[in-house]
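The values are calculated or read from the model by the stated rules, or taken from the named source; none is laboratory data. Fair warning: this is a prediction, and the values are worked out from it, not measured in the lab. We place every Cβ from the backbone using ideal geometry, glycine too, and count neighbours over all the protein chains shown. Keep in mind that these areas ignore ligands, DNA and RNA; they rest on the heavy atoms of the full protein, side chains included. Shrake-Rupley method; radii C 1.70, N 1.55, O 1.52, S 1.80 Å.
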Amino acid sequence: MSAGAAAIPDLGELIRPEHVHGSVYSSEALFEAELEKIWYRTWVYVGHVSEVPNANDYVLKSIGRQPVIMTRDRDGGIHLLLNRCTHRGNQVCVFDKGNTRTFTCPYHGWTFSNTGQLRGYPFPSGYEGADRENLGLGRVPRMAQYKGFVFGSFAEEGPSLEEHLGGALEAIDRLVRNSPEGEVEITAGFLKHKAKANWKFLVENETDGYHPQFVHASIFSVAESGIGDLYSSDSTAVTRYLGGGHSECDLRPEFRRLDKPLGWFGTSAERMPDYVEAMNAAYGADKAREIMIDGTPHTMIFPNLFIAEIQIFVLEPVAVNETIQHVTAIQFKGAPEMNRRLRQQTMGSVGPAGFLLADDSEMYERNQRGIQVRDPEWVFLGRGKHRERLDEDGFMVGDATDEVPSRGMWAHYRAMMEAE
Amino acid sequence: MMALDQQQSALLQEVTQFIYREARLQDEHAYDDWEALWTDDGVYWIPANGDACDPERDMSIVYDNRSRIALRIRQLHTGKRHAQAPRSRLRRVVSNIELLEPAGDEIRVTCNAMVFESNLRDDTVWASRNEYQLRRVDGALRMVRKTVNLVNNDKALFSMSFLI
Ligand code: FES
Ligand SMILES: [Fe+2]
């Protein structure tokens, strides 16, 4: 059998209801297949409209391994262009962000507008009869936004973004309403933190409520943080699988039990008077109180956007054993008092030197090494199987420390990978 | 180039010894001795994304005020800072030490640093231009501000959980 080495393994043999084979995190062939069947097919988060606030702004992004230029044209429209000259393949843009109406390829001077059209090439007499219409930059075939969050899909057709988000759509609603203007902004720039680990370890960890007490014991103890208690055996918080690979740690039951506005953020209404006043004015005192008790979501939107209460992470798969986490503080429009604190807390906790994320990333890397051991071959994901239940919306939920999100993610992963 | 008079030569020598000592304390994970080098209003800053980072507006890799420096040290002392258990083995060289225009009574100095880190993941080299603002407190030099401008701070970095 000549094709053996590169053949895609049979996932029916590797993914069971409560077990996943270690090779699913380390197989090069599977990684290549994931790019095609997941990253270049489903909706993938690209960026936020506030990253290109002005006409002719652009920012470099990616989908899987594809380099994407997210532009805003002079009329305000957003475009997802591919960073590859249609002449002989040079990169048309090498600066992370900027403002320009055109991209000129440095190799032979072809010029493209920020909507992707070929505007011109030097010495045009050499191209007599060329079809300029078809020489525009490549683009991500489908682009859609939800409340400023821009997603792209390389599938020409398929479910709409809202269908794809499904149960996770509400997480974005629940996030943006923490702004008195109902909008978030992504304006503080990203920390880029890489780990020698497969991207799926990161996806699973984002809504793993079992690890915080152990991985983060050091910072919880010295900072006298109450976060650890949210993820204990006694916590009333739940883990929830939202379908479509998406999942969350729903901490609202704990915050409601505490019944303290801004308790979710480790502060109080008294300490944030301007924010509270703006929220009361925007939503009325009762609704504002409810929002400020519930706080923001802790939701993993498959495959790459993690809304982590006060920051967002965007996962970029670089290789089967390497992933970059792009992370930044969420900023709430109309809430400067809140935003400074959001940045400060984010800088403390995440990124290469973060009190939390350096330790999470250490776990990712040790996991990647661990799963290459021959015996046992399987990861065991059975925690809380006996007590998982459907909630009133029909989503599977488990206790705060249960592995409901992982089990759901793997069933979805298998379905995507086996789809034609 | 500014010619150093005798007083400045003596200052350069003192500052150089201070920086060498700080480097050794970091390499050897002498956390408390390192923390004692800070003034009460010290700020430890590692910018991200190039040279135009404004820490009051943009994400920085580290932007610690004095109480956060203390928290960082306390976390390292727990022994459960997994990214430093086992601790990175470290050696750094510091060079190109240059006195800058003072800021009032405070000494400003810049230097280049190269750190070799060996940990569970692999061996990693970190390179930076460091800037110090130093104050004399009871006769001894103390750090008011240390800024570590990593050469590659615009790229994705591995975890950096040791003191740089
Ligand atoms: S490759 Fe871009 S102009 Fe030739
Ligand atoms: Fe974590």
Rounded to whole Å, give me the distance from the Cα center of region A:20-58 to that of region B:1-28. 49
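Explain nothing, just the number: relative contact order of chain A, from Cα pairs under 8 Å at least 6 residues apart, as a whole percent. Could the numbers behind the result be given before it?
Working: 838 pairs, mean separation 83.5, N = 420.
About 20 percent, as a whole number.
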Lone cysteines in the protein assembly as shown, defined as no other cysteine's Cβ under 4.7 Å from theirs: which are they? A:Cys93, A:Cys249, B:Cys53, B:Cys111
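Roll a 1.4 Å probe over the protein chains and send me the accessible area per residue for region A:182-418 in Å².
Working: 8680 Å² over 237 residues.
Accessible area per residue: 37 Å².
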Summing -39500 (n - 2.57) over the DSSP H runs of n ≥ 4 in the protein assembly as shown and dividing by its residue number, what mean residue ellipticity at 222 nm do you reach, to the nearest 500 deg cm²/dmol? -7500 deg cm²/dmol
GNM top mover of A:Asp57, A:Asp393, A:Asp360 - chain A, alpha-carbon springs below 10 Å: A:Asp393
At 0.36 nm per residue, minus the direct Cα-Cα distance, what do A:Arg257 and A:Glu418 gain on full extension? Give it in nm, one decimal, please. 53.7 nm
Which value, to two decimals, describes the C-alpha radius of gyration of region A:178-222 once divided by 2.2 N^0.38 Å? 1.65
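Tell me, rounded to the nearest percent, the portion of alpha carbon pairs in region A:362-407 spaced more than 16 Å apart. Display every interim value, and only then the final one.
Values: 559 of 1035 pairs.
So the pairs more than 16 Å apart make up 54 percent of the total in region A:362-407.
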In order over region A:267-278: 3J(HN,Hα) from phi, Karplus 6.51/-1.76/1.60, θ = phi - 60°, whole Hz, x for each Gly or Pro, gives 9, 9, 4, 4, 8, 10, x, 5, 5, 4, 5, 5
Top of A:Asp96, A:Asp359, A:Asp399 by mean-square fluctuation, Gaussian network on chain A, Cα under 10 Å: A:Asp96
Given springs between every Cα pair under 10 Å in a Gaussian network model of chain A, which of A:Pro212, A:Pro124, A:Pro317 has the largest fluctuation? A:Pro124
Counting all C-alpha pairs of region A:44-153, share separated by more than 19 Å (%): 41
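Going from the alpha-carbon gyration tensor of region A:182-418, what semi-axes, largest first and in whole Å, does one get by taking the root of 5 times each eigenvalue? Intermediate results must be reported in sequence, preceding the final value.
Working: eigenvalues 181, 89, 57 Å².
Here the semi-axes work out to 30, 21, 17 Å.
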How big is the convex hull of the Cα atoms of region A:248-314, per residue, in Å³? 91
Using a 1.4 Å probe on the protein chains only, how many percent of the accessible area of region B:11-100 belongs to carbon and sulfur? 47
Nearest 10 degrees is fine. How inclined is helix B:6-27 to the longest principal axis of chain B, computing both from alpha carbons? 10
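Calculate, in whole percent, how much of the Cα-Cα pair population of region A:184-262 lies beyond 16 Å. List each step's numbers first, then the result.
Numbers: 2013 of 3081 pairs.
When all Cα pairs of region A:184-262 are counted, 65 percent exceed 16 Å.
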Part-to-part distance (alpha-carbon centres) for region A:191-262 and region B:38-90, which is given in Å: 23
Please work out the average accessible area per residue across chain B, using the 1.4 Å probe convention, and give it in Å². 49
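Once the mean 1/r over all distinct Cα pairs of the protein assembly as shown is inverted, what Kirkwood radius in angstroms do you read off?
Details: mean 1/r = 0.0386 Å⁻¹.
Computed over Cα pairs of the protein assembly as shown, the Kirkwood hydrodynamic radius comes out at 25.9 Å.
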Write down the percent of antiparallel bridges among all DSSP beta bridges whose residues are both part of the protein assembly as shown, to the nearest 5. 95
Taking max minus min of the Cα coordinates of region B:33-154 on each principal axis, largest first, gives extents in Å of 44, 31, 29
Just from the alpha-carbon atoms, what are the Rg and Dmax of region A:7-102 in angstroms? 18.2, 52
Cα-Cα longer than 27 Å, checked against A:Lys192/A:Lys260; A:Lys61/A:Lys196; A:Lys97/A:Lys333, kept in input order, equals A:Lys192/A:Lys260
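Mind checking how much accessible area B and A bury in total, 1.4 Å probe, in Å² rounded to 100?
Buried area (both sides, nearest 100 Å²): 3200 Å².
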